[in-house]
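Note sheet for the following structure.
The values are calculated or read from the model by the stated rules, or taken from the named source; none is laboratory data. Here the structure is a predicted model, which is why all the values come from computation and not from measurement. Areas reflect the complete protein model, heavy atoms only, side chains present, ligands, DNA and RNA absent. Shrake-Rupley method; radii C 1.70, N 1.55, O 1.52, S 1.80 Å.
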Amino acid sequence: MLLHLIRSAGVRGRVGGITFTRKIGTVGVGADIPSHNLSDIMKTELLEEAPAEQVSQIWTDYHKNKEEFISAVIPSMHYAEITAKARICPRFVYALPKDNGGFDMIYSEINGHRVSFTSLEAFKTLQSSAPPLLELFHYVDFQQSKGVVLMRGVHKLPLTSTEAVFLANQLQMYYRIDPERYKLVHTFNHNPMFFDFNELLRNLDNPDLIKRKDPSSVPSPSGGSSGAPADTAS
C-alpha cells in the first residue's frame, strides 16, 4: 500500500516536491523557491476517499528512518491558528540548546506555507540571503476534506534531526500552545525594543514539554494517535 501511494523521490529530480538545482540551504530564507506539491510525493488521486487516519499513517510511515526529513500531521484548526498569527507576526528567534550547556540563536521566518530557520548570526550578515538550516513545508491538499495538514521538514548540517524536531515543536509552542509565549512573538515583530531576550532563555524547554502541556497533540510511538491527527514533529 505504502509503495503504491508514494511517488519516487527521484521523479523529475525532486525531493519533497522541490526542484533542487542547488545544494539544500543555498537559497536564502527570504527567497522564492520553485513550486512544491504534495502530488509530487504522494499519489493524492488514490487518497481522495481514504480517511484522515489512513493518510496520516501513510505519511508518518513513509518518513520513518529518513534522516534528511522530519514530519508531522497537523490538525487543520491548529494550522489555521498558526497561519493567522503568522500573517501578523511572521518572524521570531529561538534559543537552541547545545550539548555543551550553551545555546545557538536561530532566526525564523514564515512565508505562506513555508517556514525557514537560519542562524541569527547568518541572518544579521546576509539578511534574506542567509542559507536556511531547516525548512518546513506544509501541504494543505487535505486541509478541508480530511481536516489535516501534512508537514515535511528538510534540514542540513550542522543542525541534527533532534534539533530540527525541537525547533518545529517550539514553533507550535510559541504560535499556538502557549498564549503567553505568543506575546513574546508579537513583541518581537511589533515592539522589538521591548523584546525580553532573558525571558526567551527562561522559556527554554525540552521537546517533550509539549507532551505535558498538550497531550492530545502527541503521536503514539507507532506514529498514529488513537485515531486523531498529531501535530508534534517527529
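Near LYS146, no amide H atom lies under 5 Å from its own; only residues 5 or more places off or on other chains count, and H is placed 1.01 Å from N.
Surface calculation, 1.4 Å probe, protein heavy atoms: ILE106 sits at approximately 10 Å² accessible. The phi-based Karplus calculation (6.51 cos²θ - 1.76 cosθ + 1.60; θ = phi - 60°) puts the 3J(HN,Hα) values of the stretch 122-128 at 5, 5, 4, 7, 10, 6, 5 Hz, whole numbers, x for Gly and Pro.
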